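Below is one structure, written out as structure tokens, with a few remarks after it.
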Amino acid sequence: MIEVKVPLKLTLFGEHAVVYGEPAIAMAINEKMKIKIMPYHKMILKSNSLSIKGIRVDLEEMKLESEETSKVLSYALSTINFFEKEYGTRKNALIEIESPVDPSVGLGTSAAVIVGIVGGYSRYLGYELTREEIAKISHKIELTVQGLGSRMDTYTTSLGGLIYFPKGGGYEKIRGEMRITAGYIRRIATTAEILKRVKSLKEKNPDLFNDLISSIGKTVNKAKIAIEKGDEEEIGELMYVNHGLLMSLGVTLPPIDNLVSTAKILGLKGCKISGGGGGGSTICLEDERARILLSTIGAKIIDSGISQEGVMIKEINQ
């Protein structure tokens, strides 16, 4: 049996702007997706912990349909097809997925599923890929299934640590530390709906949109320097700035906006949304008052300590 542990991630700076070519910073965290791959007589995907949302039932054919389930199945099938095409190998297996959090809350669960299946299935086939190779293949599969997506999530969950994604591709590990208090609420809008909202602003006010996106990129670059210097005051101020710019893009929610405003009034060093918006994750520089504020909006607190090791793959003899 192959057991894989994949860290989830938080976006620290640069949400949405990264899709339009601007830089971003993300961090792998201690919350881990677990994936087990074991021999089986046919190909089976199983999960007792990934929530299923958006269910539809075809009453004529008595078929249960779910967008979330279809996406996870597509990741698994695309991985299997990739290795069959590129490596000429295929083996039946039982793939079991265990997630500590709900899907689609800004923590990179989709990327972690892809990275976990790529890492685990490749080892199951007898290949020992590097973390960077896993990241590259995972991003290819993500693009195959979704049609678009930045490399940020798959690379962060594969490689671990604190990572800066510059304009034009590539990545750079940041030497620095971020102590974060984080939690999430359920999203009330899908990623597709939020991206549509952002695209609408781009089409209606291209100059204003470009200024906002460019400002987010400048905030990211200033944040990288502040993290490297360990300047928490500057990091926190830039978190508030980044949140304000994302609010201007229309991707935040009033309860989270109110939380961020309250945090600033109370003197917390920094707070912002993390991820695509419409709910999902909120991060603050570590502060016990942040936990209290997050609890007031019903957020689930997560283990947001930094995970340096990235994806971990272990062979277990049964």
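Worth pointing out:
- Filter pass, residue 97 being over 29 Å from residue 301 (Cα atoms), among the β-branched types (Val, Ile, Thr), surrounded by 22 or more Cβ atoms within 10 Å (Cβ to Cβ) and under 17 Å from the mean Cα position of the chain (by Cα): no
- Some residue of the range 173-189 being farther than 28 Å from residue 290 by Cα, among the aliphatic types (A, V, I, L, M) and under 19 Å from the mean Cα position of the chain (by Cα): no
- Residue satisfying all of: in the range 136-170; touching a residue at least 40 places away in the same chain (Cβ under 8 Å) and among the basic types (Lys, Arg); surrounded by the fewest Cβ atoms within 10 Å (Cβ to Cβ) among these: 167
- In the set (1) among the aliphatic types (A, V, I, L, M); (2) in contact (Cβ under 8 Å) with a residue 40 or more places away in the chain; (3) touching a strand residue (DSSP E or B) at 6+ places or on another chain (Cβ under 8 Å), the condition left unmet by residue 293 is number (2).
- Every condition in (1) in contact (Cβ under 8 Å) with a residue 12 or more places away in the chain; (2) under 23 Å from the mean Cα position of the chain (by Cα) holds for residue 196 except the one numbered (1).
- For the range 287-318, a residue qualifies if it is within 20 Å of the chain's Cα centre (by Cα), surrounded by fewer than 22 Cβ atoms within 10 Å (Cβ to Cβ) and assigned to a loop (DSSP other than H, G, I, E, B), and the qualifying residues are 303, 305, 308, 309.
- Residue 57 satisfies every condition listed in (1) modelled with pLDDT of 80 or more; (2) surrounded by fewer than 19 Cβ atoms within 10 Å (Cβ to Cβ); (3) outside any helix (DSSP H, G or I); (4) not charged (D, E, K, R) except (1).
- Residue check, residue 133 free of Cβ contacts under 8 Å to residues at least 24 places away in the same chain, assigned by TED's automatic domain parsing to the domain that holds residue 81 and surrounded by 15 or more Cβ atoms within 10 Å (Cβ to Cβ): yes
- Residues located in the range 263-290, provided they are among the hydrophobic types (A, V, I, L, M, F, W, C) and out of contact with any strand residue (DSSP E or B) (no Cβ under 9 Å at 6 or more places or on another chain): 265, 266
- Scope the range 174-222; condition under 30 Å from residue 71 (Cα atoms), among the basic types (Lys, Arg) and part of a helix (DSSP H, G or I); matching residues: 196, 197, 199, 202
- Candidate set from the range 76-121 (those that are among the small types (Gly, Ala, Ser) and out of contact with any strand residue (DSSP E or B) (no Cβ under 7 Å at 6 or more places or on another chain)); member that is nearest to residue 309 (Cα to Cα): 111
- Considering only residues in the range 148-173 that are of a type outside the set (Gly, Ala, Ser) and in a helix (DSSP H, G or I), the one that is nearest to residue 23 (Cα to Cα) turns out to be 152.
The values are calculated or read from the model by the stated rules, or taken from the named source; none is laboratory data. Model, not experiment: these values are computed from the prediction. Heads up, the Cβs are rebuilt from the backbone with ideal geometry, glycines too, and the neighbour counts pull from every protein chain shown.
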